[in-house]
Ligand code: FAD
């Protein structure tokens, strides 16, 4: 059995595995896709102390970092079920899609999240070529350019306010007949001179010149008219879905499906910790996930000490 078994091979899971292995305890990491969201990311410029890197490059450094230690890396394996130990200090069991099962004294859940997509033609083709999902990450790339933000909830309106300070013009496109963001954010948004708001707007297509995005096509749902908005960037802000469906009923989740953690990464189940985008942590970023992964691993070690298992 493992002392610490990490589920997820993104930056959160990798940090947890390194911190745990450095305690000299039996550590494993099981991941459906080692690297996680980093595999879909191009330029990264906000990982502190690394001025510029690219997603796949960072994944290979992370993997090298993990493999420097005695960590059992199980890639391309999906976990389908967590069976928490019935007695304190007992073994938790993780069932894999392959039919195998793994046992561990503690577990760190770092299964990350995925952005909800518009599912319109051109979105995938121009992903990272104008279609973006993270304003904190990619906002500066659109300095002085025209962008749209899709989604009028809190994250969409926050993104539009944030981007308005960097880009030339922001068009916020909301499907509904009203914005759903908090009133204070809506007020702030409406006070900005370089923001326009489109209500009843259904995005139907991302257009480009083969290299980069050139326009967003949307239909005005009240009139049925089609509009073509010339721009350079589209930020999709219609939800971040945590990869936690398989944990429902086992660990406490928020109403958005995020694993509820305290400041130590402790979940509702003793001996089970969590980190990164899958949790209630307010900011979903690489550097935040790495910090949370380290915290969760240290908490797992602390738990093992207190239950006299190390
Ligand atoms: P993830 O990276 O999502 O990794 C989750 C891991 O869990 C994966 O290995 C996955 O395969 C695995 N997994 C999931 N479910 C299971 C299961 N049931 N069984 C086994 N394994 C499972 N952040 C920045 O700070 N800077 C940026 O520039 C930046 N750009 C981004 C660009 C894009 C296009 C995207 C999508 C995200 C970007 N982010 C950026 C966000 C950043 O990638 C995430 O915050 C970070 O990857 C979260 O790390 P994580 O370890 O929590 O989860």
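Taken together, the values in this text are just the output of simple stated rules run on the coordinates, not laboratory data. Since the model is a prediction, treat every value here as computed from it, not as a measurement. Quick reminder, even Gly has a Cβ in these numbers, built from the backbone with ideal geometry, and neighbours come from all protein chains shown.
Legend: calculated FRET efficiency, residue 283 to residue 61, from the Cβ-Cβ distance at R0 = 22 Å, rounded to 0.05, equals 0.45. Kindly state, to the nearest 0.05, the FRET efficiency for residue 116 paired with residue 307, given R0 = 35 Å and r defined as their beta-carbon distance. Taking R0 as 35 Å, the efficiency between residue 116 and residue 307 is 0.35.
Each eigenvalue of the Cα gyration tensor of the chain, multiplied by 5 and square-rooted, gives one semi-axis; in descending order these are 40, 20, 17 Å.
Please give the peptides 35-41, 211-217 ranked by average Cβ packing (other Cβ atoms within 10 Å per residue), highest first, as a rough proxy for protection.
Numbers: 35-41: 21.4, 211-217: 18.7.
Taking the mean over residues of other Cβ atoms within 10 Å, the ranking is 35-41, 211-217.
Reported to the nearest whole Å, the Cα centre-to-centre distance from region 260-310 to region 31-105 is 14.
Sorting the segments 115-124, 232-241 by their mean number of nearby beta carbons within 10 angstrom, highest to lowest, gives 232-241, 115-124.
Translational diffusion of region 49-89 was estimated from the Stokes-Einstein equation, with Rh taken as the Kirkwood radius over Cα pairs; at 20 °C and 1.002 mPa s the coefficient is 156 µm²/s.
For the Cα atoms of the chain, what angle does the longest principal axis make with the long axis of helix 154-164, in degrees from 0 to 90, nearest 10? Long axis of 154-164 versus the principal axis of the chain: about 60 degrees. Choose one answer from 113, 252, 97: the residue with the largest mean-square fluctuation in a GNM of the chain with alpha-carbon springs under 10 Å. Largest GNM mean-square fluctuation: 97. Shown here: region 256-310, whose C-alpha atoms stretch 34, 22, 12 Å along the first, second and third principal axes, sorted largest to smallest. A P(r) calculated from all alpha carbon pairs of region 1-142, with 10 Å bins opening at zero, reads 11, 36, 30, 17, 6, 0 percent. In terms of the mean number of neighbouring beta-carbon atoms within 10 Å, the peptides 134-145, 168-179 order highest first as 168-179, 134-145.
In region 8-156, what % of DSSP beta bridges are antiparallel (nearest 5)? Show your work: numbers first, answer last.
Numbers: 11 of 17 bridges.
Just about 65 percent of them are antiparallel.
Counted over region 75-215, the DSSP beta bridges are approximately 50% antiparallel.
Where does the chain land at 222 nm, in deg cm²/dmol rounded to the nearest 500, when only DSSP H runs of n ≥ 4 count, each adding -39500 (n - 2.57), divided by all residues? Intermediate values should be presented prior to the final figure.
Numbers: 6 runs with 68 residues, N = 310.
Calculated from helices alone, the mean residue ellipticity at 222 nm is -6500 deg cm²/dmol.
What does the C-alpha gyration tensor say about the overall shape of region 150-232? Classify as rounded when a/c is under 1.5, otherwise prolate if a/b is larger than b/c, or oblate. Intermediate results must be reported in sequence, preceding the final value.
Working: a/c = 2.24, a/b = 1.27, b/c = 1.76.
Taking the square roots of the gyration eigenvalues as a ≥ b ≥ c, region 150-232 is oblate.
Angle check, please: helix 11-21 long axis (alpha carbons) against the longest principal axis of the chain (alpha carbons), in degrees 0 to 90, nearest 10. So the helix axis and the longest Cα principal axis differ by about 20 degrees. Decide, for region 79-219, between rounded, prolate and oblate: order the square roots of the alpha carbon gyration tensor eigenvalues as a ≥ b ≥ c, take rounded if a/c falls under 1.5, and otherwise choose prolate if a/b is larger than b/c, else oblate. In terms of gyration-tensor shape, prolate. Normalising the Debye intensity of region 70-141 to I(0), with uniform scatterers on Cα atoms only, and taking log10 at q = 0.12, 0.15, 0.26, 0.28 Å⁻¹ returns -0.60, -0.74, -1.23, -1.35. The modelled label-to-label distance for the pair residue 52/residue 166, using points 7 Å beyond Cα in the direction of Cβ, is 1.5 nm.
Specify the residue with the greatest mean-square fluctuation among 64, 202, 125, computed from a Gaussian network of the chain linking alpha-carbon atoms under 10 Å apart. Of the options given, 64 has the highest mean-square fluctuation.
To check you understand DSSP bridge types, tell me what percent of the beta bridges within the chain (both residues inside) are antiparallel, rounded to 5.
Working: 28 of 62 bridges.
Antiparallel bridges make up about 45 percent of those DSSP assigns within the chain.
Mind running the shape call on region 1-73? Use the C-alpha gyration tensor, a ≥ b ≥ c as the square roots of the eigenvalues: rounded below 1.5 for a/c, prolate if a/b tops b/c, oblate otherwise. Walk me through the numbers before you get to the answer.
Values: a/c = 2.71, a/b = 1.86, b/c = 1.46.
Judged from the Cα gyration tensor, region 1-73 comes out prolate (a/c at least 1.5, a/b above b/c).
Give me 204, 279, 244 ranked fewest to most by other Cβ atoms within 10 Å of their Cβ, as a rough exposure proxy.
Details: 204 15, 279 29, 244 22.
Fewest-to-most Cβ neighbours within 10 Å comes out as 204, 244, 279.
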